[in-house]
Amino acid sequence: MAESKVEEAQALKKLVSERVKVATKETSMDKIRQREKKYQKLAKTIDHLERAKREEFAPLIEAAYKQSCQQGLVEERERHKHEQQANAVVNHAEEAGRLKQLEESLWRPAEPSEPPRPVQPAVAPSTEKYVVKQGRIQPLVGGAQAQPKKLGKKKN
């Protein structure tokens, strides 16, 4: 009998320990579920707060963006104006150099003691007269009697 009581006590101990384990598992699972719910509620609250913050700052961000764009446009206009002025100076200097070169090439003195004289073109200008007929340029044949018509206003 003593053995059966000991066995009963051990079986009862096992049963109690198993029930305690199950109960602790259930309570720990309940605690985990409760924590999960709490975290979900916190996440929702944080999302709502962030959305409200974004909606509050959206007009401010938009205004700052517009201001930076306008400031960028002003800076771009100023930069463009300065570039145009610099290009004008460079172009003026280049044009002056080209004109000087052209003058030098056209006016060559024959001898150092003589004044400069213009250089004659290699090809003599044509003395022929031309007329436009049917959209084509044709030489005028027959001299003065074949003068082209003058374009002007129509008389009614």
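Structure notes:
- Geometric descriptor of the range 1-76, per residue, is 78 Å³ (volume of the convex hull of the Cα atoms).
- The range 1-45 - Kirkwood radius from inverse mean 1/r over Cα pairs (Å): 13.0 Å
- Paramagnetic label zone (point 7 Å from Cα along Cα-to-C-beta, Ala86; backbone N under 20 Å) in the range 50-75: 72-75
- Rg over Rh, two decimals, the range 32-96 (C-alpha only, Kirkwood Rh): 1.62
Read-outs: derived from the displayed coordinates by stated rules, not from any lab. Quick caveat: nothing in here was measured; it's all calculated off a predicted structure. Positions of Cβ are backbone-derived with ideal geometry, glycine not excepted, and every protein chain shown enters the neighbour counts.
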